[in-house]
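Where a number appears in this text, it was derived from the coordinates with a stated rule and is not lab data. Quantities reported herein were computed from a predicted structural model and do not represent experimental measurements. Virtual Cβ from ideal backbone geometry, glycine too; neighbours counted across all protein chains shown.
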Amino acid sequence: MNFSGLGRGELVAAIGALLLAVSLFLPWYETSAGNPNAAIDGARGALSAWDVHTLLRWLLLAAAAAPVILVWIVLREHELSWPRGELTAVVAIAAFGLVAYSGVIDRPGSPPSEISLQYGWFGAMLGVILMAAGGAHRASKVERARRPPGVLR
């Protein structure tokens, strides 16, 4: 294992993955205390993403694994057919869309205006942003070989 190959991009992405994974268990939503009809799947109070989202929690946990896999690839010096970090950045961008959609566009609960976002959701957003930035930083360190037009390989 070559620890000297680890750069700032991998570390930033790994910190973002850790933040995303931890934030899944922190409160994402809270129902309004002043409205007795405000509930998320019949529950009231502060609820985490793990409590509310049955499928999304697994997708985000899998997304959090991408930077860990990137660190493993860099440590083991595996050869890839794409720049290291590129797939991590793509996964992080997809996770960003999922988190943003679940918090801004389609907030769970009824009525949605009585459900507020909590620090766990903001932590997840910061985590996926760090993952994307770290992956993109690592991918930008690799120079792609230029080919003449019309050549596929």
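With contributions of -39500 (n - 2.57) from each DSSP H run of at least four residues, the per-residue ellipticity at 222 nm computed over the chain stands at -17000 deg cm²/dmol.
Net length available on complete extension from Val90 to Leu126 is 11.4 nm, with 0.36 nm assigned per residue and the Cα-Cα distance removed. Annotation: the residues Arg138, Arg57, sorted from fewest to most other C-beta atoms within 10 Å of their own C-beta, follow the order Arg57, Arg138. Normalising the Debye intensity of the range 64-119 to I(0), with uniform scatterers on Cα atoms only, and taking log10 at q = 0.15, 0.28 Å⁻¹ returns -0.58, -1.08. Counting neighbouring Cβ atoms within 10 Å and putting the fewest first, the residues Arg147, Arg8 line up as Arg147, Arg8.
Test of understanding: what is the full-extension gain from Leu59 to Arg146, defined as 0.36 nm times their sequence separation minus their Cα-Cα distance?
Numbers: separation 87, 0.36 × 87 = 31.32 nm, distance 3.51 nm.
Stretched fully, the Leu59-Arg146 segment lengthens by 27.8 nm.
Protection proxy ranking of 98-104, 33-39, by the mean of other Cβ atoms within 10 Å over each peptide's residues and highest first, is 98-104, 33-39. Across the chain, counting alpha-carbon atoms alone, Rg and Dmax equal 18.8, 66 Å. Our summary gives the range 14-60 a relative contact order of 39 percent, counting only alpha carbon pairs under 8 angstrom and 6 or more residues apart.
Could you please rank Asp106, Asp51, placing first whichever residue has the fewest other Cβ atoms within 10 Å of its Cβ? Before the final figure, lay out the partial values.
Details: Asp106 8, Asp51 17.
Ascending number of Cβ neighbours within 10 Å: Asp106, Asp51.
Amide H contacts of Ala39 (H built 1.01 Å from N, in plane; Pro and chain starts excluded): Ser110 sit under 5 Å, all sequence-distant by 5 or more or on other chains.
Computed from the Cβ-Cβ distance with R0 of 35 Å, the FRET efficiency linking Ile15 to Asp41 stands at 0.65.
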